[in-house]
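**Q** Sharing a structure below in structure tokens format, with a few things to ask.
The values are calculated or read from the model by the stated rules, or taken from the named source; none is laboratory data. All values derive from a computational prediction rather than experimental measurement. Don't worry about glycine lacking a Cβ; one is built from the backbone with ideal geometry, like all the others, and counts go over all protein chains shown. The accessibility values were calculated without ligands, DNA or RNA, using every heavy atom of the protein model including side chains. Shrake-Rupley method; radii C 1.70, N 1.55, O 1.52, S 1.80 Å.
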Amino acid sequence: MTYITYENWVLVDESDNPVKKNQLAKNFRGEIHIIKGGKPPHKPSSSGFVWTDMGEYYPSVFGFKWLCKE
């Protein structure tokens, strides 16, 4: 089981549970995507990105967010 992480960041769902690679996730339109990876925010005003089998999206599209482990 591989979680979506990047350096000291982890991608989590609305309940702060880590998101797994290849996990199915529903976006706000009800479309199902396969989560492939992502990149955390590079500055405080950014939310980072999530990569799926259908493209690159903001984490909030799926109810996700990046948390810093430090």
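**Q** Look at the range 6-27 and say how many of its residues are in contact with a helix residue (DSSP H, G or I) (Cβ under 8 Å, 6 or more places away or on another chain) and either free of Cβ contacts under 8 Å to residues at least 24 places away in the same chain or more than 14 Å from P59 (Cβ to Cβ) (or both).
**A** 0
**Q** Of all residues in the range 34-70, which are open to solvent by 30 Å² or more (accessible area, probe 1.4 Å), in contact (Cβ under 8 Å) with a residue 40 or more places away in the chain and of a type outside the set (A, V, I, L, M)?
**A** Matches in the range 34-70: K65, C68, K69, E70.
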